[in-house]
1. Anything in the range 50-70 that is out of contact with any Phe, Trp or Tyr (no Cβ under 9 Å at 6 or more places or on another chain), hydrophobic (A, V, I, L, M, F, W, C) and either part of a helix (DSSP H, G or I) or more than 30 Å from TYR22 (Cβ to Cβ) (or both)? List them, or say none.
2. Looking at SER23, is it under 15 Å from the mean Cα position of the chain (by Cα) and polar (S, T, N, Q)?
3. Of the numbered conditions (1) farther than 24 Å from LEU137 by Cβ; (2) crowded, with 17+ Cβ neighbours inside 10 Å; (3) in contact with a strand residue (DSSP E or B) (Cβ under 9 Å, 6 or more places away or on another chain), SER23 satisfies every one except a single condition; which is it?
4. Among the residues of the range 117-158, count how many are of a type in the set (Phe, Trp, Tyr) and in contact with a Phe, Trp or Tyr (Cβ under 6 Å, 6 or more places away or on another chain).
5. Given the structure, is HIS127 within 27 Å of SER2 (Cβ to Cβ) and at pLDDT 95 or above?
6. Restricting attention to strands (runs of 3 or more DSSP E) lying wholly within the range 71-158, give those where 2 or more residues are under 18 Å from GLU59 (Cα atoms) and touching a residue at least 24 places away in the same chain (Cβ under 8 Å).
7. I need the full set of residues from the range 68-95 which are of a type in the set (Phe, Trp, Tyr) and touching a Leu at 6+ places or on another chain (Cβ under 8 Å), in order please.
Amino acid sequence: MSEHRASIRWNRNGAVFTDERYSRGHTWSFDGGIEVHASASPHVVPLPLSVAEAVDPEEAFVAALASCHMLWFLSIAAKRGFAVDRYGDEASGLLAKNSEGQLALTRVVLRPEVAFAPGKRPSAEEHAAMHHEAHELCFLARSVKCDLRCEAKDVSSA
């Protein structure tokens with residue numbers, strides 16, 4: 001078992017606050033010293049009260065799921081002797097009303113594109129099986145209840 005932490009910091013910076021016209025911009029800090037500028041999504045809180053250039057929680061959720069899947073996939077490919085040259089993903093999440101009528105990320109679609117090195121390459125079935133296994137092993141995928149999909153592509157040059 002392990003514990004994972006993030007520090008979240010926000011300041012009112014003189015805004016009235018009770019009029020609900022305060023900035024949603026804040027900072028996420030992680031071990032190792034990295035800081036990320038974060039904000040509510042402009043789709044949820046209109047500009048200028050949100051910060052379009054910052055990462056919003058919904059984007060971070062999608063990125064975390066895609067990253068977890070990728071890390072497991074790379075591990076599985078390495079163990080099976082398939083060298084991966086590149087891995088990219090244009091993941092997306094849909095914020096919509098769930099079955100209880102509440103806004104939620106109801107679907108996340110991963111679209112990994114994998115380029116394998118020349119030599120030993122997986123068959124289409126092996127490639128799909130590695131993504132399925134990565135999905136099954138991903139701690140985050142097991143932690144969410146939304147419809148989480150993976151639409152993988154092998155983009156290796158023939």
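1. PHE61, VAL62, ALA63, ALA64, LEU65, ALA66
2. The answer is no for SER23.
3. Among (1) farther than 24 Å from LEU137 by Cβ; (2) crowded, with 17+ Cβ neighbours inside 10 Å; (3) in contact with a strand residue (DSSP E or B) (Cβ under 9 Å, 6 or more places away or on another chain), the lone unmet condition for SER23 is (3).
4. Summing the residues that are of a type in the set (Phe, Trp, Tyr) and in contact with a Phe, Trp or Tyr (Cβ under 6 Å, 6 or more places away or on another chain) in the range 117-158 gives 0.
5. no
6. Result: 84-89, 92-97, 103-110, 147-150.
7. If the condition is that a residue be of a type in the set (Phe, Trp, Tyr) and touching a Leu at 6+ places or on another chain (Cβ under 8 Å), then TRP72, TYR87 are the ones that fit.
Okay, residues lined up against (1) farther than 28 Å from THR106 by Cα; (2) not assigned by TED's automatic domain parsing to the domain that holds SER92:
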site: ARG12; (1), (2): yes, yes
site: VAL16; (1), (2): yes, yes
site: ARG21; (1), (2): yes, yes
site: VAL36; (1), (2): no, yes
site: CYS68; (1), (2): no, no
site: ALA77; (1), (2): yes, no
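The values are calculated or read from the model by the stated rules, or taken from the named source; none is laboratory data. The shown structure was predicted, so the numbers you read here are calculated from the model rather than taken from an experiment. No Cβ is skipped: glycine too gets one built from the backbone with ideal geometry, and neighbour counts run over all protein chains shown.
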